[in-house]
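Everything on this sheet refers to the single structure shown next.
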Amino acid sequence: QVQLVESGGGLVQPGGSLRLSCAASGDTSSIHSMGWFRQSPGEDRDLILGIMLINGATYVANSVQGRFTISKDNAKNMLFLQMNSLISEDTAVYYCAAGGRQFYSPDNYDYWGRGTQVIVSS
């Protein structure tokens, strides 16, 4: 089993930046990729960024391309999400996830954090 804990959410003004972190623990040797999902009220949970742990290959959804960046620290079992140029549509609960090798596929992810709320509002 793998446990994931997100941190760093909060309230930010439009145009601002925020950095989310995710700490992984447990049987981390069993996972090959990690990712970030988000879910707005009444919407599906969407994969926005994924990263392959062994080589750093990434998937970036069109909705966040050029504004959000995913990064990792394998030694510390940490995942990060840097969000810039935030807009109101980015308001959502953000979830960290971990799974197999198909880091670009939403179905790839087996383990989930509990989520952290991001609100973009003036």
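The values are calculated or read from the model by the stated rules, or taken from the named source; none is laboratory data. Here the structure is a predicted model, which means the values were calculated and not measured. Because the Cβ atoms are built from the backbone with ideal geometry, glycine has one as well, and the counts that use them run over all protein chains shown. Areas reflect the complete protein model, heavy atoms only, side chains present, ligands, DNA and RNA absent. Shrake-Rupley method; radii C 1.70, N 1.55, O 1.52, S 1.80 Å.
In table form, for the structure just shown:
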item: Of the criteria (1) outside any loop (DSSP other than H, G, I, E, B); (2) closer than 17 Å to LEU4 by Cα, which one PHE103 fails; result: (1)
item: Residue in segment 80-102 that is touching a Cys at 6+ places or on another chain (Cβ under 9 Å) and on the phi > 0 side of the Ramachandran plot present; result: no
item: Every residue from segment 26-79 that is of a type outside the set (Lys, Arg), open to solvent by 40 Å² or more (accessible area, probe 1.4 Å) and closer than 21 Å to ILE119 by Cβ; result: GLN39, PRO41, GLY42, GLU43, ASP44, ASP46, SER63, THR69
item: Output for segment 4-25, where each listed residue is surrounded by 15 or more Cβ atoms within 10 Å (Cβ to Cβ) and not hydroxyl-bearing (Ser, Thr, Tyr); result: LEU4, GLU6, GLY8, GLY9, VAL12, LEU18, LEU20, CYS22, ALA23, ALA24
item: Conditions (1) among the hydroxyl-bearing types (Ser, Thr, Tyr); (2) touching a residue at least 60 places away in the same chain (Cβ under 8 Å); (3) assigned to a helix (DSSP H, G or I): number failed by TYR94; result: (3)
item: Number of the condition not met by GLU89 [criteria: (1) open to solvent by 40 Å² or more (accessible area, probe 1.4 Å); (2) part of a loop (DSSP other than H, G, I, E, B)]; result: (2)
